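Visitor: The following block contains the structure, expressed as structure tokens.
The values are calculated or read from the model by the stated rules, or taken from the named source; none is laboratory data. Remember, predicted model here, so these are calculated numbers, not experimental data. We place every Cβ from the backbone using ideal geometry, glycine too, and count neighbours over all the protein chains shown.
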């Protein structure tokens, strides 16, 4: 049985855990023909991809019926694990690599998520919708990613960007708080320098603010 941090096990139902296990199996199978993630990492799908995607739950829950954009979803991270954990939240998983989109769409169908998770091939510049919530995981250097996000984000919108430290300077107008994975997942070297930047944009800010969040209770 795959291990999950206690705080995640307390949130997920047994059915959701089974979906995550099936997702791991699908990644392994489809990766043999479509290269969704690095083949060097295939033995660590659970520890390096699925669990880190779910560490979001240490701080936040996504609202029901609010469509979330996973920009640059790649092999379906963090979008698919977050969609499994939030059964009432619709998602758009967007990526510019056609083969990855084909694989992710196949997994979404087999996981029974197609009714609320759309998988789309395309570039951020081609997307016409705007979103209250955007997530992304190590898609591009932060200034470039935020450049794509800016036109897709509603004025009151929020961004959750999975990244490592240091992440470099923020473009003007952005506020960010860093939530470190090491505060909630102890003794895991792979995530020791990683976390989630929670970002908001305000054009009225004279300059960006950049801070680290107060760490939550260790679990």
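Visitor: Spot the failing condition for residue 36; the list is (1) crowded, with 20+ Cβ neighbours inside 10 Å; (2) under 30 Å from residue 130 (Cβ atoms); (3) under 14 Å from the mean Cα position of the chain (by Cα), and only one is missed.
Guide: Evaluating residue 36 over (1) crowded, with 20+ Cβ neighbours inside 10 Å; (2) under 30 Å from residue 130 (Cβ atoms); (3) under 14 Å from the mean Cα position of the chain (by Cα) leaves (3) as the failure.
Visitor: Mind counting the residues in region 112-129 that are outside any strand (DSSP E or B) and touching a helix residue (DSSP H, G or I) at 6+ places or on another chain (Cβ under 6 Å)?
Guide: To start, the set of residues in region 112-129 that are outside any strand (DSSP E or B) comprises 112-116, 122-129.
So of that shortlist, the ones also touching a helix residue (DSSP H, G or I) at 6+ places or on another chain (Cβ under 6 Å) come out as 113-114, 124.
So the answer is 3.
Visitor: Kindly check whether there is at least one residue in region 208-217 that is modelled with pLDDT of 95 or more and closer than 27 Å to residue 4 by Cα.
Guide: no
Visitor: Out of 132, 94, which single residue is in a strand (DSSP E or B) and buried (at least 21 other Cβ atoms within 10 Å of the Cβ)?
Guide: Numbers: 132 fails: buried (at least 21 other Cβ atoms within 10 Å of the Cβ).
The conditions single out 94.
Visitor: Can you tell me how many residues within region 135-165 are part of a strand (DSSP E or B), surrounded by fewer than 20 Cβ atoms within 10 Å (Cβ to Cβ), under 15 Å from the mean Cα position of the chain (by Cα) and touching a residue at least 40 places away in the same chain (Cβ under 8 Å)? Before you say what the answer is, go through the steps one by one.
Guide: Step one: filter region 135-165 for residues part of a strand (DSSP E or B), giving 135-137, 153-164.
Keeping just the survivors that are surrounded by fewer than 20 Cβ atoms within 10 Å (Cβ to Cβ) gives 154-158, 164.
Narrowing further to those that are under 15 Å from the mean Cα position of the chain (by Cα): 158, 164.
Pick out the ones that are also touching a residue at least 40 places away in the same chain (Cβ under 8 Å) and you get 158.
Total satisfying the criteria: 1.
Visitor: So residue 33 fits all but one of (1) more than 27 Å from residue 189 (Cα to Cα); (2) at pLDDT 95 or above; (3) outside any loop (DSSP other than H, G, I, E, B); (4) out of contact with any strand residue (DSSP E or B) (no Cβ under 7 Å at 6 or more places or on another chain); what number is the exception?
Guide: If we test residue 33 against (1) more than 27 Å from residue 189 (Cα to Cα); (2) at pLDDT 95 or above; (3) outside any loop (DSSP other than H, G, I, E, B); (4) out of contact with any strand residue (DSSP E or B) (no Cβ under 7 Å at 6 or more places or on another chain), just (2) comes out false.
Visitor: Can you name the residue in region 6-30 that is touching a helix residue (DSSP H, G or I) at 6+ places or on another chain (Cβ under 7 Å) and part of a loop (DSSP other than H, G, I, E, B) and is also farthest from residue 61 (Cα to Cα) among such residues?
Guide: Applying the filter and picking the extreme gives 12.
Visitor: Please go through region 170-207 and give me each residue that is modelled with pLDDT under 90 and farther than 30 Å from residue 44 by Cα, ordered by number.
Guide: 202, 203, 204, 205, 206, 207
Visitor: Name, by its number, the condition in (1) closer than 25 Å to residue 88 by Cα; (2) in a loop (DSSP other than H, G, I, E, B) that does not hold for residue 198.
Guide: (2)
Visitor: Count, please, the residues in region 56-81 that happen to be closer than 17 Å to residue 46 by Cα, in a loop (DSSP other than H, G, I, E, B) and touching a strand residue (DSSP E or B) at 6+ places or on another chain (Cβ under 7 Å).
Guide: 5
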